[in-house]
Amino acid sequence: MSGCLCLPGYKKKVDPPISILLQKPTQPPPPPPNKNMDPVERLQSGFKQFKSEVYDKKPELFEPLKEGQAPTYMVFACSDSRCCPSVTLGLKPGEAFTVRNIAAMVPPYDKTKYTGIGSAIEYAVCALKVKVLTVIGHSRCGGIKALLSMQDGAADTFHFVEDWVRIGFLAKKKVVTEYPHTPFDDQCTILEKEAVNVSLYNLLTYPWVKEGVAAGTLKLVGGHYDFVKGVFTTWEK
């Protein structure tokens, strides 16, 4: 694959089926929140439970990770606290290289901006040799609602949020044009998925992603997690 960072020391992986994304969670849920507990103490308490119930009981899982990582997936997910891909998809440590941001958006290739996203994609594809890039939207996404609510010419409310969600402008334009009489909340649901499609399209503007898809070494997968109905759907591009 030309133009890639080629770092040695990464073990060859067997490509598992896409269906692994549909597996039920295998990790225990976090301890229930205690509103009377100090926030820092809550973090320590959570780690203690993880260490005793997961880390100490599964050395076969964590020992190999000391030598490096070889994830199959790169996952783009929303920063929303209600949507943790490792929990909802049952992904174990070492399985997914994850990027989370507002509305799980992927900007197009641009060496002058959004370099944090670009560098993560480059490293995942060229160095870690991931097999699947997946973008996961979700129900009741605040970023998507903000995008759909934006009015042309209106002043921005935040320093960064509006500029970021404009990455999904083409998705918004499609939804507003094709579903002009649909209720706002239903438009949001449609846009949650269409924004994923825009991000999948944007992934193809990265040369090493385009090369990998053309060569058959990379798959692009869209996903949507509806935490209201408890439904997770995927589609391939």
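Numbers at a glance
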quantity	calculated
Rounded, prolate or oblate (a/c below 1.5 giving rounded, otherwise prolate when a/b exceeds b/c) for the chain by Cα gyration tensor	oblate
Estimated distance in nm for a label pair at K113 and V228, the labels positioned 7 Å out from Cα along Cα-to-Cβ	3.2
Protection proxy ranking, peptides 149-156, 225-232, 187-194, 99-106, average beta carbon neighbours within 10 Å, highest first	99-106, 187-194, 225-232, 149-156
Added length on full extension, which subtracts the Cα-Cα distance from 0.36 nm per residue, H159 to K51	35.0 nm
Among beta bridges that DSSP assigns inside the chain, antiparallel share in %, nearest 5	25
Separation in nanometres of the label points that stand 7 Å from Cα toward Cβ, at R100 and L43	1.4
Least to most buried among S45, S81, S199 (fewest other Cβ within 10 Å first)	S81, S45, S199
Too-long pairs where the Cα-Cα distance tops 32 Å, listed order kept, from K35/K58; K35/K172; K131/K229; K66/K145; K172/K210	K35/K172; K66/K145
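Any read-out appearing in this document is the output of simple, stated calculations on the displayed coordinates, not a laboratory observation. What you are looking at is a predicted structure, and each value in this text was computed from that prediction instead of being measured. Cβ atoms come from the backbone with ideal geometry, glycine included; neighbour counts cover every protein chain shown.
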